[in-house]
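Only the coordinates and a few stated rules stand behind these numbers; no lab work does. Computed from a predicted model, the values in this text were never measured in an experiment. Positions of Cβ are backbone-derived with ideal geometry, glycine not excepted, and every protein chain shown enters the neighbour counts.
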Amino acid sequence: MSFRPTGTVYGVLLNFRAEWDALAPQMNEAPYKAPPSAPVLYVKTANTFSAHGSAIALPADVPEVEVGATIGLVMGDAGRVDGCVLMNDLSVPHANFYRPPVKAKCRDGFLGVGARLRTDGVDPASVVLEVHIDGELRQRADFSQLMHSPAQLLSALGSFMTLAPGDVLMLGCDAGRPLARAGQRIDISATGFDVLSSTLQGSPS
Amino acid sequence: MRHARVIHQGVTRDATERDGQLLLADGRLVAFDAVTWLPPLAPVPRARTILALGLNYADHARELAFKPPAEPLAFLKGEGTLTGHRQFTRRPAGVQFMHYECELAVVIGKTAKGVRQADAYDFIGGYTVANDYAIRDYLENWYRPNLRVKNRDTCTPLGPWRVDASDVADPMQLALQTTVNGQLTQQGNTRDMVFSVPFLIEYFSSFMTLSPGDLILTGTPDGVVDCRPGDVVVTEIERIGALVNTLQGDPS
C-alpha cells in the first residue's frame, strides 16, 4: 500500500544555504529586522496530501505554483526516524515571509507524497533530488547543502515539541524553486527513491 | 450536551456531563476529580487541522500595538500541543513573558469547502474553550508567530467540554474571562471579534477543505498578563465551560 502520512507534516524555511544567502541582504530590514535564530517552521495540513500520480487542481486564483522538492523524515517511536520519502511541497509563490503561509501552502492537494517510504537508513546529506517539468530538468537540490542537518533540526524541535509516531519533518526546499502551471507534469526523483509524479490541472470554472 | 474525553482507571473513554458528574459511555457516574481530562475531541483518521487566529479582537491588537488585520492572521498547530483540562503547562526557566489567551474554539462538524457565511453554522459540530499560551520571548519576524511560540508541548489546553453547536444559540454573544489565582485579568465578549465565526469558516473553506474534528481557535481579547510557575489559570467562556490549567516551572 502507498505511504500516506498519519500525523502532522512540518516544513522548514531557509534550510538550504543558497536559500538563506539569497535572502540574507533583507534579513536585517523590515519586516524581519533580524535573521531567524531558530528554524522557521510551518505546517502542511492533511487536506494538502496528494498521492503519487495524482492530478492536483490549481485554484482559479493561482496561475502558477512553486515546486518544493524535498525529503520528509517520517517519525517512528521514541523520536526515532522510521524512514524518508520524497515530497512535493507546493506553494503559491510568495516573497514575504513575515506571516505564516497558511493560504500559500495549505491549498487542497498542495503536498505531493511519494508512494514508498525508504527505510534503508540513507543519509539525506547524500541525496540529490532532480525536478523535471514536462520532462525537462529544472532543478537539482543537493541535500549536503542544508543549514541545519536532520539531527540538528530534530534536536531544535525536540527542545519544545515532541514529534509523534507518524509525524513528518520535511528538510527544506532549495533556492531556485521552479514554477509550474496547469497542464504540466512534475517528476521529482533521486537515486534509490521511487519517482514522485504529479500533474497540475486547471480548476473547473 | 457537554462531551468530554477522559482516562478513567487507565482506560480512555467518552463521557458526558450529568448533574455535576461524568457519565461514562458504559453507564457509570464518576466524579470530575476521578479522571484525567483529555482534549474533548473524538480521534480523527488523519492529522487534525488546528487553525488559530492572531489579533482577532481589536482591543487585543491595540494592546500589542498592532492595527487589526485586513485579512485574518492565521497560523497552524499540530495536535501534540493540545492538553486537557486540569493539566499542567510548562513555563521554561529564564522566560520573561508567557501569557494565556482565552479563546472560543470551533469544532468542525462536517466537511466544509466553499461554504458561504450564511450557511456556516451548518458546518459547526460544537464549541470548546482553548487557552492558546504564547511565550513572547521566542517571537521572531519569520512566519510569525512561529511554532516555537505557539506549538509547544502542553501549551494549548483545550476543554473541559465540547458543547454541541445546537446548545449554543449565538456563539457571537458569549462573555469570556480569565482569572489567575482567582484574580480577574481578562474580560471580553465574542461579539468583539474582528472576523466572526461564520466569516472565518467562509474564509478558510474558500481555499482549504476542513474536515470533521478540525479546530478553529478564534483569537483572544485584551488583558493578557505574564504568568509564573504555580499560577492557576482559568479561561472561561459563558455556556461553554471553565478550563483550568496550572503552570509548571522547570526543575532547578
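Each of B:Pro72, B:Asn181, B:Phe207 was placed along the dipole of the range B:42-249 (beta-carbon charges, centred on the mean Cα), and the one lying farthest toward the positive end is B:Phe207. The DSSP beta bridges internal to the protein assembly as shown are antiparallel in roughly 85% of cases.
What distance in nm lies between label points placed 7 Å from Cα along the C-beta direction at A:Ser203 and B:Asp164? Roughly 3.5 nm, to one decimal. A simple rule links phi to the HN-Hα coupling: the Karplus curve 6.51 cos²θ - 1.76 cosθ + 1.60 with θ = phi - 60°, which for the range B:224-235 gives 9, 10, 5, 10, 10, x, x, 5, 9, 10, 10, 9 Hz, with x for Gly and Pro.
Tell me the volume per residue, in Å³, of the convex hull enclosing the alpha carbons of the range B:42-249.
Values: hull volume 22.9 nm³, N = 208.
Given the Cα convex hull of the range B:42-249, per-residue volume reads 110 Å³.
Please work out the Kirkwood hydrodynamic radius for the range A:100-169, using every pair of different C-alpha atoms, and report it in angstroms with one decimal place. That comes to 15.2 Å for the range A:100-169. Among B:Gly182, B:Gly125, B:Gly219, the largest mean-square fluctuation in a Gaussian network model of chain B, built with springs joining Cα atoms closer than 10 Å, belongs to B:Gly182. Here each label is just a point 7 Å from Cα along the line to Cβ, and for A:Ala18 and B:Arg136 those points are 4.1 nm apart.
With a Förster radius of 30 Å, plug the Cβ-Cβ distance of A:Glu64 and A:Arg140 into 1/(1 + (r/R0)^6) and report the FRET value to the nearest 0.05.
Numbers: r = 21 Å, r/R0 = 0.69.
Calculated value: 0.90.
Counting only Cβ charges, +1 for Lys and Arg and -1 for Asp and Glu, the dipole size of the protein assembly as shown around its Cα centre is about 220 debye. Distance from the alpha carbon centroid of the range B:210-252 to that of the range A:1-51 works out to 27 angstrom.
Just to confirm a number: summing +1 for Lys and Arg and -1 for Asp and Glu over residues other than B:Glu101 whose beta-carbon lies under 14 angstrom from that of B:Glu101, what do you get?
Values: positive: B:Lys77, B:Arg136, B:Lys150, B:Arg152; negative: B:Asp59, B:Glu63, B:Glu103, B:Asp132, B:Asp222, B:Asp226, B:Glu236.
Charge balance near B:Glu101 sits at -3.
Across the range B:1-136, the relative contact order, built from alpha-carbon pairs under 8 Å that are at least six residues apart, equals 17 percent. Note on A:101-109: average number of Cβ atoms from other chains within 10 Å of each residue's Cβ is 5.
Divide by every residue of chain B the summed helix terms, -39500 (n - 2.57) for each DSSP H run of at least 4, and state the resulting mean residue ellipticity at 222 nm, rounded to the nearest 500 deg cm²/dmol.
On the way: 3 runs with 21 residues, N = 252.
Per the formula, -2000 deg cm²/dmol.
Per-residue 3J(HN,Hα) values for the range A:75-84, derived from phi via the Karplus relation 6.51 cos²θ - 1.76 cosθ + 1.60 with θ = phi - 60°, read 7, x, 6, 6, x, 7, 8, 7, x, 9 Hz in sequence order (x marks Gly and Pro). Near A:Gly166: Cβ cut-off under 13 Å, other residues only, Lys/Arg at +1 and Asp/Glu at -1. The net charge is 0.
Rounded to the nearest 0.05, what FRET efficiency is calculated for A:Tyr98 and A:Ser2 with R0 set to 25 Å and r the Cβ-Cβ distance? So, using R0 = 25 Å, E works out to roughly 0.10.
Estimated from helical segments only, the mean residue ellipticity of chain A at 222 nm is -2500 deg cm²/dmol, where each DSSP H run of four or more residues counts as -39500 (n - 2.57). With contacts taken as Cα pairs under 8 Å and at least 6 residues apart, chain B reaches a relative contact order of 27 percent. For the pair B:Arg62 and B:Ala31, a Förster radius of 35 Å applied to the C-beta separation gives a FRET efficiency near 0.25, rounded to the nearest 0.05.
Inter-part distance, the range B:47-67 to the range A:58-100, computed on C-alpha centroids, equals 25 Å.
Compute the Cα gyration tensor for the range A:9-201, then decide on rounded, prolate or oblate, letting a ≥ b ≥ c be the square roots of its eigenvalues: rounded whenever a/c is under 1.5, prolate when a/b is larger than b/c in the other cases, and oblate in all that remain. Verdict is rounded for the range A:9-201. In chain A, Cα pairs under 8 Å separated by at least six residues give a relative contact order of 33 percent.
Of the residues B:Ala34, B:Gly94, A:His94, the one whose Cα sits farthest towards the positive end of the charge dipole of the protein assembly as shown is B:Ala34 (charges of +1 on Lys and Arg Cβ, -1 on Asp and Glu Cβ, taken about the Cα centre).
Among the listed pairs A:Lys44/B:Lys113; A:Lys103/B:Lys77; A:Lys105/B:Lys67; A:Lys33/B:Lys77; A:Lys33/A:Lys105, a Cα-Cα separation exceeding 19 Å is found for A:Lys105/B:Lys67; A:Lys33/B:Lys77; A:Lys33/A:Lys105.
What is the local net charge at A:Phe110, summed over the other residues whose Cβ is closer than 11 Å to its Cβ (Lys, Arg +1; Asp, Glu -1)? Walk me through the numbers before you get to the answer.
On the way: positive: A:Lys44, A:Lys103, A:Lys105, A:Arg107; negative: A:Glu66, A:Asp89, A:Asp108.
Surrounding charge for A:Phe110 is +1.
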